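Reading through the structure tokens given below for one structure.
The values are calculated or read from the model by the stated rules, or taken from the named source; none is laboratory data. Just so you know, these numbers come straight off a predicted model, no measurement behind them. Cβ coordinates were reconstructed from backbone atoms using ideal geometry, including for glycine residues, and neighbour counts include every protein chain displayed.
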Amino acid sequence: MSTSSTNYNKTYIQLIALHIAIGFAIYLFQFLGMIYFLGSVALLVFWVFQTGNKQNQVLIAAAYMTSGEVFFRMTGGSIIPWEAGKYSVICFILLGLVFSGTSRKSSIYWLYLLLLIPGVIYAASTLNFDTNVRNAIVFNLSGPFCLGIAALYCYDRRITRNQLHHIVWALLMPVVALGSYLYFFTPDTQDVLNGTQSNFALSGGYGPNQVATVLGIGMFALTIQLFVNGRNKLIFGLNLALLMFLTYRAIITFSRGGIFTAAIISVVFIFFYFQGVSKKKKNALSFYMIVLGIAIAMTWFVSSVRTMGLIDLRYANKDAAGRIKEDISTGRQELVSSELNFFIENPVMGIGVGKTREYREEKLDILAASHNELSRLLSEHGIFGLFALLILLIAPLFFRISNRKNYLFYSFYGFWFLTINHSSMRIAAPAFLYALALINIIDEKKNPVHRKQISG
């Protein structure tokens, strides 16, 4: 084993240990959650300025803040603004644009951002008098804006495979801290189970849907590590153990969306990665797949035992008494249907950004925010939302035609699409991972040509 490889693995183990310790420390002293957020921002800002973003350090910084966002919300208290994690991602990407500019080919995402504006203007006149207009608009558009800015930076951004793997590291580490925190925070599983619905007590007292989504990112990142860096037995065993642990924690949130998404994008990654390696390496990868399959089966078995079989009922769409639930979407189907009706009734301008919640209450007496970004875009932005949606769906696929070296493309693109269909864009993760699908992987031996900054 080379010295560089040894140092690589040593650094990886040290980072894992550090983030396990961070999770435990925050469990002991809650105020450290705020320190963790502020310290992460300060250190990453210093690092970006120190390096001048010459190797796209902002992507690592943004990745770290993306996967840490939910943990920051859980532990930061009232001192940290609710969407500070998402704002930090946006600020890092903007900083990257200042340092490194963007590609002229990315102009389609300027159009996407412009298409969001009419809905904002219209909302100013349609939202109820007692509604905080700024909060309503920011709540619904911070995610789409984050996506647009990140896409502008990432489009045809040339990075090496090694840089891509460091981004994956950055996505993983805060999830390790979250998993550590959940382990110490959560009471005994069987003491807090009272049905097959999503469980807040087993999600650290926070929204199970978002916790499961972030844990799913960790599962995906560890799956990548298993296959990309599986030659070292110690590292392989560590990654496998962590994967089983995070999978278990994700399963017992009783939120299914994050689990399904992680499983699908991991399978997609394995498929495309397998296609691009030599026949000799395929034999090793086949062994990894067998081990991974056994590990996941064991994890599910433990989850079933620890939940007294309730998790089996959950995934069979049954309640605790074993009765089939009528709506497998837990009410989301009705929300989507209502939003599509709003679009049909208001096809040009939509009903205005942030109007869906109060409009649904007025029309249907249902008080609920949107869980589906596709239907929200249509209902609140009208025809402008339809064009914005078409850009988001089609532009990456056209980019893929001439840029095929990113073996994580379909996983990143799939994560965005699947996530926005069950939890909208409440967190930065779908926006940032969508943008990562637009990067251009170059050969390690080649020096990327740094693009000059262009004016807006």
Complete set of residues in region 192-203 that are under 21 Å from F24 (Cβ atoms) and either charged (D, E, K, R) or buried (at least 22 other Cβ atoms within 10 Å of the Cβ) (or both): L202, S203
Looking for something touching a Lys or Arg at 6+ places or on another chain (Cβ under 9 Å) and of a type in the set (K, R) - is there at least one such residue anywhere in region 132-152? no
Considering residues of region 249-297 that are free of Cβ contacts under 8 Å to residues at least 24 places away in the same chain and outside any helix (DSSP H, G or I) only, the residue nearest to L408 (Cα to Cα): V277
Determine, yes or no, whether N421 is at pLDDT below 95 and closer than 30 Å to A123 by Cβ. yes
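The rows are residues; the columns are (1) without any contact (Cβ under 8 Å) to a residue 24 or more places away in the chain; (2) in a loop (DSSP other than H, G, I, E, B); (3) surrounded by 22 or more Cβ atoms within 10 Å (Cβ to Cβ).
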position: G354; (1), (2), (3): no, yes, yes
position: K363; (1), (2), (3): no, no, no
position: S370; (1), (2), (3): no, yes, yes
position: K405; (1), (2), (3): no, yes, no
position: Y410; (1), (2), (3): no, no, no
Condition check: among the aromatic types (F, W, Y) and touching a Pro at 6+ places or on another chain (Cβ under 7 Å). Does Y64 satisfy that? yes
Of the listed residues (Y273, Y206), the one being farther than 19 Å from L436 by Cα and not β-branched (V, I, T) is Y206
Could you check region 151-192 and list, in sequence order, the residues that are more than 22 Å from L215 (Cβ to Cβ) and of a type in the set (A, V, I, L, M, F, W, C)? A151, L152, C154, I159
Determine if region 231-247 includes at least one residue that is in contact (Cβ under 8 Å) with a residue 24 or more places away in the chain, outside any helix (DSSP H, G or I) and under 22 Å from the mean Cα position of the chain (by Cα). no
Given L18, L59, L44, which one is part of a helix (DSSP H, G or I), of a type outside the set (V, I, T), modelled with pLDDT of 95 or more and in contact with a Gly (Cβ under 8 Å, 6 or more places away or on another chain)? L59
Considering every residue within region 292-310, establish whether at least one is in contact with a helix residue (DSSP H, G or I) (Cβ under 6 Å, 6 or more places away or on another chain), of a type outside the set (S, T, N, Q) and crowded, with 19+ Cβ neighbours inside 10 Å. no
